[in-house]
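The values are calculated or read from the model by the stated rules, or taken from the named source; none is laboratory data. These numbers come from a predicted model, not from an experiment. Using ideal geometry, Cβ is built from the backbone for each residue, glycine included, and neighbour counts are taken over all protein chains shown. Just the protein is used for accessible areas: all its heavy atoms, side chains included, with ligands, DNA and RNA removed. Shrake-Rupley method; radii C 1.70, N 1.55, O 1.52, S 1.80 Å.
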Amino acid sequence: MPRDALGVLSEIKRSFITKQLKEGKRGDGRGLLDFREATITTNYVPRAAGSAMVKLGRTRVLAGVKIESGEPFPDTPNSGVLTTNVELLPMAFPTFEAGPPNETSIEIARVVDRGIRESKMIDTQKLVIEPGKKVWIVFVDINIMDFDGNLIDACTLAAVSALRSAFIPASKEGGKDMPLPVDQIPVSVTMVKIGDELVCDPDLEEEQLGSARVTVTTTEDGHIRAMQKGDTGNFTLEEIKKAIKISSDTGATLRKKYFS
Amino acid sequence: MAEIKQIVMPGDLISEELGKPRNGVYKNSDGRYCSSYFGIIQKNDQGVDVVPFSGKYIPRRGDKVIGKVLEVGPSMWPVDINSTYNTLLHMNDTPWRTTSGDIKRFLGVGDYVYAKIMTLNEIKESWITLKDVGLRKLEGGHITSIPAPKVPRIIGKGGSMVNMIKDATNTRIVVGQNGLIWIDGTPEDVIEAIAAISIVEQEAHTVGLTDRMEKYLKERSVK
Amino acid sequence: MGSESNIKLLDESGMRLDGRTPEQLRPIKIETNLLERADGSAYIEWGGNKIMVAVYGPREAYPKHTQDIEKAVVKARYNMAAFSVDERKRPGPDRRSVEISKVISEALSSAIMVEQFPRAQIDVFIEVMQADAGTRIAGLTAASVAVASAGIPMRDMVVGCTAGKVEGKVVLDLSKEEDNFGQADLPIAVLSKSKKIVLIQMDGDLSLEEFDQASEMIMKATDNIAEIQRNALTSRYSVENIGDGE
């Protein structure tokens, strides 16, 4: 049964939303596959190497990038490092608590990270300062400031935007500052299943109504780079295939809209 | 060699030709009946059940169970009945004249009671009572346990199995619906009875168990 | 996904390093009820994976604020032993195991009739003693057996398999080398009969056609693995394993 921080999602809202869905409409008037309008403000925090404040509907997240020199991992001596972290700030929702990362924030961070990593957005080979000894470490920290559903897509949008605006402080290592080399643009599209319908970019109420969630991250070539199913419901293989198609189509639209 | 009853897994279809589907069976999204458990198919006059091989006791109102006192409160005893949830015994539901704060002298931590499930709500909170014939604090004897789903096999049709074991081993036996069993007699007889019970438990899924147990117990008593 | 390597993962005829065909599973063996204390348990060997699963419950959920008044909460804990991998792993939960624990808990919740046990929790401890690629799926497949053996009601069994891409070819059930140096990894777990997907993750690079091929391979393989689950559970109740009263 869906519930929010303060109790159960009201029965009135539940039946309103499900009735609308049968007509192919959303509670807020959107079509089933429509994303909420996103506002992306890059360089929001100039002190960071790169940053982006993203509002996706009423969900608001802030991604900041810091790039520092450090040691590479022993098993990848000739490659820079990317690390992604998500923090659910207590200001974002009544039940979010300060403290170490929990399974929700870890899952979001890892799905966002996977999309960026597997799309080869960042050429980590180009982040080597001294092979085997010193490389650039790219820290992506994402703060959740206001929560109204679909954190994974909001965080991917923010992380990708921040990385695209980031520069490497190479002057600290005797070189010249330069933009972070980025290539592919991964776009994640998250859907929830409500009844038998797949609904893109769910808001909080839709997330609570959904039985299962799936995220598919694609690149411009239409290839799948990351996937993640969540929640206790299930999907048929056909629904997953449909979700992949929706993601690659919607992803192309979003890529064009926000990154060209 | 014994014949075994049909074993099913969760999700296996249960043919309606076997009888009216009852316990341990659910209707899937296609409207077909399926097993909820890893267990055996048990047919009887009322219909067909799937009986799991193991599992916790699920309380039902009116069941007589054996429970162990876990704590002593001012007016209540929380009691472990081999279930997902502990149950409660209130001092007013005992035959004793007690006053609040002074109930420990009647039942202490670790004591066993033979009690009846009196009430049960939808979030599985339950209360037991000692106010009925035969219900009491259990003293002396010994306690053994089996998985609750196998209790009907230990009891047998109309008590046939447990009575057979009682007679053959010269013991008094109280079987709780929750799988706890109290046995009283000489230590040798109690051990004999426990051995017999454990055979029934291990072969609960076989056909013709009563006959085999009869033979087993007869041979034992000759020795 | 994996880093570049010089190892050739497929030979000219498409055979794999360990001699398997692209659609061949590694050997799988499951045993049940090895642990005395747990309410249900299972042990799985899948290739070089050695994983023990113990189930406790349903029991009342503690601390109390974790209780759900309407259903049982499934708490899987996936844990890798420090010695389970080549380089010693620091003991305790890391981010990867927290994520895996979450998706496994959710997958099991899809199958277990959690609504029968308000306020309760079902603990599923998955201990990876030796890891050899595909541990989350092997652990989940064994966990389903352990839950069934605990007598917990389920709508269906959960069974899974992985597929991936190595050297541009889609193959079933990645080995450790294929996992390390391959181009994609796709673990899927389904409800055994309905084939509804309860766990899916993917990382790497797959085209839509490659996804179709990989998912089809997995679906086919789950039938075989489900049979292994069934045999593991039923064998100890088979005719050979009961005496006739003596």
Using only protein heavy atoms and a 1.4 Å probe, report how much of B:Ser145 is accessible, in Å² to the nearest 10. 70 Å²
Whole-Hz ³J(HN,Hα) for each residue in region C:73-90, computed from phi via Karplus 6.51 cos²θ - 1.76 cosθ + 1.60 with θ = phi - 60°, x for glycine and proline: what do you get? 9, 8, 10, 8, 10, 8, 9, 9, 5, 4, 9, 7, 10, 4, 8, 3, 9, 5
Label region A:3-259 by shape, choosing from rounded, prolate and oblate, from the square roots a ≥ b ≥ c of the eigenvalues of the Cα gyration tensor; if a/c is under 1.5 it is rounded, and otherwise prolate applies when a/b is larger than b/c, oblate when it is not. prolate
Label model pair C:Leu17, A:Lys245: point-to-point distance (7 angstrom along the Cα→beta-carbon line) in nm is 3.8 nm
Accessible surface buried once C binds B (1.4 Å probe; total of both sides; Å²): 3000 Å²
Check cross-link reach from B:Lys20 to the aspartates and glutamates: straight Cα distance under 13 Å, and skip same-chain residues fewer than eight apart. B:Asp45, B:Asp49
Between the alpha-carbon centers of region B:186-204 and region C:90-121, tell me the distance in whole angstrom. 39 Å
What accessible area, in Å² to the nearest ten, does a 1.4 Å probe give for A:Lys13? 100 Å²
Please list the non-local residues whose amide H lies under 5 Å from the amide H of B:Asp63, H modeled 1.01 Å from N, same-chain partners needing a gap of 5 or more. B:Ile117
Under the classification rounded if a/c is under 1.5, otherwise prolate if a/b is larger than b/c and oblate if not, where does region C:71-173 fall, given a ≥ b ≥ c as square roots of the Cα gyration tensor eigenvalues? oblate
For Cα pairs less than 8 Å apart in space and 6+ apart in sequence, what is the mean separation divided by the residue count of region A:14-96, i.e. the relative contact order in percent? 14 percent
Dipole of region A:3-259 (Lys/Arg Cβ +1, Asp/Glu Cβ -1, origin at the Cα centre): which of A:Leu198, A:Gly115, A:Pro186 lies farthest to the positive side? A:Pro186
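List the trypsin sites (Lys or Arg not before Pro) within region C:5-81 that DSSP assigns to loop and that have no more than 12 neighbouring Cβ atoms inside 10 Å.
For trypsin sites (Lys or Arg not before Pro) across region C:5-81 that sit outside H, G, I, E and B with at most 12 neighbouring Cβ atoms in 10 Å, the list reads C:Lys8, C:Arg37.
So which GluC sites (Glu not before Pro) in region C:131-239 are both in a DSSP loop and have at most 15 other Cβ atoms within 10 Å of their Cβ?
C:Glu167
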Select from region C:61-163 those chymotrypsin sites (Phe, Trp or Tyr not before Pro) which occupy a DSSP coil region and have at most 12 other Cβ atoms within 10 Å, ordered by residue number. C:Phe83
Tilt of helix A:151-164 relative to the longest C-alpha principal axis of chain A, in degrees (0 to 90, nearest 10)? 30 degrees
Which of rounded, prolate, oblate describes chain B, given a ≥ b ≥ c as roots of the alpha-carbon gyration tensor eigenvalues and a/c under 1.5 marking rounded, otherwise prolate only if a/b is larger than b/c? oblate
Heavy atoms of the protein only, probe of 1.4 Å, neighbouring chains included. What is the accessible area of B:Trp96 in Å², nearest 10? 70 Å²
What percent do you get for the relative contact order of region C:98-192 when only Cα pairs under 8 Å and 6+ apart count? 28 percent
Amide H neighbours of A:Ala226 under 5 Å, counting only residues 5+ apart in sequence or on other chains, H built in-plane at 1.01 Å? A:Thr217
Rounded to a whole %, the carbon-and-sulfur portion of the accessible area of region C:28-236 at a 1.4 Å probe is 49 percent
Cβ neighbours within 10 Å from other chains - mean over C:120-128: 1
Ranked by how many other beta carbons lie within 10 Å on average, peptides A:17-29, C:149-161 from highest: C:149-161, A:17-29
Can you grab the distance from the C-alpha centre of region B:89-162 to the C-alpha centre of region A:79-134, Å, no decimals? 55 Å
Under 5 Å from the placed amide H of C:Met113, counting only residues 5+ away or on other chains, we find C:Met154, C:Arg155
Going Cα to Cα from B:Lys166, which lysines come in below 23 Å? Please leave out same-chain ones fewer than 8 positions away. B:Lys64, B:Lys116, B:Lys137, B:Lys150, B:Lys157, B:Lys215, B:Lys218, B:Lys223
